[in-house]
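Working notes, structure below.
The values are calculated or read from the model by the stated rules, or taken from the named source; none is laboratory data. This structure is a prediction, so every number in the text was calculated from the model and none was measured. Counting neighbours? That spans all protein chains shown, and the Cβs are built from the backbone with ideal geometry, glycine included. Side chains included, ligands, DNA and RNA excluded: accessible areas come from the protein's heavy atoms. Shrake-Rupley method; radii C 1.70, N 1.55, O 1.52, S 1.80 Å.
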Amino acid sequence: MDTVRIPKVINFGKNALSETEYPTNALVVTTAPPDLSGKWLDKMGIQNYMLFDKVTPEPSIDDVKSLISEFKDKKPSALIGLGGGSSMDVVKYAAQDFGVEKILIPTTFGTGAEMTTYCVLKFDGKKKLLHENRFLADMAVVDSYFMDGTPKQIINNSVCDACAQATEGYDSKLGNDLTRTLCKQAFDVLYDAIMNDKPENYPYGSMLSGMGFGNCSTTLGHALSYVFSNEGVPHGYSLSSCTTVAHKFNKSIFYERFKEAMEKLGFEKLQLKADVSEAADTVMTDKGHLDPNPIPIKKEDVVKCLEDIKAGNL
């Protein structure tokens, strides 16, 4: 038997943010400063809400504890994660303690976090990827409104992440017919949006990607990317080369179109400061991404992939 989990309600498209009905006495959780969050809240038209805007950019379990300590006695009717992955992850983890439903509203598009059962928080200073069914949103609201004013490079990094998740998810051994359908449709939407300059369609493609890969897994491209992320390279940027090379190794049906899309977005060649052999050892510990890869991975395969990335041999 195969199982696919998605939010109970998904509101998406133009005006989804303002046309959604929000419960009164909800607690909105965000990282955004008041001038920005105020603009978003006005657009939502939400009434009689509470606001917690102290979430740190890379949140820890301490952010969750602060939220619970400050607001649990005030008995909010729901938790609303408004922002990037940081705000949504805190809401995902905290909602069970409040005993209320969670509404996730992404303001950046690429992670698909509003669709998944994954949550990333720091424990004792180290990031930990958590995977539990309780992290699934009760409602997701996806609207391209938030793209206005977002720097182009951030948008490009985000859409690259969505493309990588969709195509790696399609290739994952943990996938099924439905996840592959979602992942393929996601990349088709994103590819068309990139090649034909329709960025307003990025949020929809990212949403489909989250529904797909969130029920299977990403693979070699993501495993390769983290050694670059560890050196400060933005995650989406690192995937532009890492997933391209991974698709070449896996003989993925997406290789040519993925490469073409990355070229259109204008990503530059990646640099790697670490020793390639040591970096490969790090990659080989990432069983969560390597085990679902369609082709078994050996260290020499990883070394070759990293060397190709450094040389720009995509």
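Among the residues of the stretch 130-151, are any aliphatic (A, V, I, L, M), open to solvent by 10 Å² or more (accessible area, probe 1.4 Å), touching a Cys at 6+ places or on another chain (Cβ under 8 Å) and part of a strand (DSSP E or B)? Yes, that holds for at least one residue. Residue count for the stretch 133-161 under the criterion of being without any contact (Cβ under 8 Å) to a residue 12 or more places away in the chain and of a type in the set (Lys, Arg): the result is 1.
Here is a yes/no grid of residues against (1) out of contact with any Leu (no Cβ under 8 Å at 6 or more places or on another chain); (2) open to solvent by 10 Å² or more (accessible area, probe 1.4 Å); (3) of a type outside the set (A, V, I, L, M, F, W, C); (4) free of Cβ contacts under 8 Å to residues at least 40 places away in the same chain:
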residue: HIS247; (1), (2), (3), (4): yes, no, yes, no
residue: PHE254; (1), (2), (3), (4): yes, no, no, no
residue: GLU263; (1), (2), (3), (4): yes, yes, yes, yes
residue: LYS287; (1), (2), (3), (4): yes, yes, yes, yes
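Note on the stretch 73-129: among residues that are in a helix (DSSP H, G or I) and in contact with a Ser or Thr (Cβ under 6 Å, 6 or more places away or on another chain), the one that is surrounded by the fewest Cβ atoms within 10 Å (Cβ to Cβ) is SER86. If we keep just the residues of the stretch 25-45 that are at pLDDT 95 or above and β-branched (Val, Ile, Thr), which is farthest from the chain's Cα centre (by Cα)? Among those that are at pLDDT 95 or above and β-branched (Val, Ile, Thr), it is VAL28. For the stretch 173-188, a residue qualifies if it is farther than 19 Å from LEU136 by Cβ and either open to solvent by less than 20 Å² (accessible area, probe 1.4 Å) or among the aromatic types (Phe, Trp, Tyr) (or both), and exactly one does: PHE187. Kindly indicate the residue of the stretch 90-119 that is touching a Pro at 6+ places or on another chain (Cβ under 6 Å) and not aliphatic (A, V, I, L, M) and also modelled with the highest pLDDT among those meeting that condition. The residue in question is GLU114. Look at the stretch 199-222: where a residue is in contact (Cβ under 8 Å) with a residue 24 or more places away in the chain and a partner is among the basic types (Lys, Arg) and open to solvent by 10 Å² or more (accessible area, probe 1.4 Å), sitting 6+ places away or on another chain with Cβ atoms under 7 Å, you get ASN215/ARG5. Exactly one residue out of ASN313, ASN293 is open to solvent by 70 Å² or more (accessible area, probe 1.4 Å) and either in a helix (DSSP H, G or I) or of a type outside the set (Gly, Ala, Ser) (or both), and it is ASN313.
The requirement of being part of a helix (DSSP H, G or I) and not aromatic (Phe, Trp, Tyr) is not satisfied by GLU231.
Within this structure, LYS14 fails the test of being open to solvent by 70 Å² or more (accessible area, probe 1.4 Å) and either part of a helix (DSSP H, G or I) or without any contact (Cβ under 8 Å) to a residue 40 or more places away in the chain (or both).
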